[in-house]
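Peer 1: My structure is below; once you've seen it, I'll send some questions.
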Amino acid sequence: MAEWYYIGHYGQLGPLTLEQMDELIQGGVIARDTYVWRSGMNDWSPADRVDEIRSAFALAEPFTAPPPPPMVPKAPLAVPPRMQAADSYPATTWGYQPAFGTVRSDRSRALAGILQLLLPGVGRIYLGYASYGVLQLVFALCGVGFIWSFIDGIVILSGGVKLDGYGRQLAE
């Protein structure tokens, strides 16, 4: 019978069976200091103080997170060679260079810019910058946000925004 509850990162979770609680202990989700409760208990208690599930901690191997991946050295920025003629100047040497191994976004810069021009804040929300978008939307109700949103739409369309809200490089 599912009667167990525990306090996790997202609040109170449950009801769970005793077997489910044992699985969560084995997986490292429920630690010894995690508060648990079931019907019949007076108050929430740390998991290692409850007799029914204390034995699961003895059976569980100590949970340790895997080590982080090794550091990958970043590629050095290219330095332009001394130029002999103006036509031999490399066009992409200076300016914005994405970090090594940047993931491409599934979001479109053009769509975000057009949304931003037509509907204040929606383009920013589409890109993953929800706080900017909501602020622009709220200020648009006051009349000021239309100007901010219009200018921001032009900045997005002109390439001023390089990454989406998740740090991925925007598609053209």
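The values are calculated or read from the model by the stated rules, or taken from the named source; none is laboratory data. It should be emphasised that the depicted structure is a prediction, and the values quoted were computed from it without experimental measurement. FYI the Cβ positions are ideal-geometry reconstructions off the backbone, even for glycines, and counts take in every protein chain you see.
Peer 1: Within region 108-128, restricting attention to residues that are buried (at least 17 other Cβ atoms within 10 Å of the Cβ) and small (Gly, Ala, Ser), which residue is nearest to Ala171 (Cα to Cα)?
Peer 2: Ala112
Peer 1: Cβ-Cβ below 8 Å, separation at least six or inter-chain, first residue in region 12-36 and polar (S, T, N, Q), second surrounded by 13 or more Cβ atoms within 10 Å (Cβ to Cβ) and at pLDDT 90 or above: which pairs?
Peer 2: Short answer, once both residue conditions are applied: Gln12/Tyr5; Gln12/Tyr6; Thr17/Glu3; Thr17/Trp4; Gln20/Trp4; Thr34/Tyr6; Thr34/Ile7; Thr34/Ala47.
Peer 1: Looking at region 48-59, can you tell me whether even one residue there is at pLDDT below 70 and surrounded by 11 or more Cβ atoms within 10 Å (Cβ to Cβ)?
Peer 2: no
Peer 1: Related question: Could you identify the single residue in Ser131, Ser105, Ser149 that is surrounded by fewer than 17 Cβ atoms within 10 Å (Cβ to Cβ) and polar (S, T, N, Q)?
Peer 2: Numbers: Ser105 fails: surrounded by fewer than 17 Cβ atoms within 10 Å (Cβ to Cβ); Ser149 fails: surrounded by fewer than 17 Cβ atoms within 10 Å (Cβ to Cβ).
That would be Ser131, the only listed residue that is surrounded by fewer than 17 Cβ atoms within 10 Å (Cβ to Cβ) and polar (S, T, N, Q).
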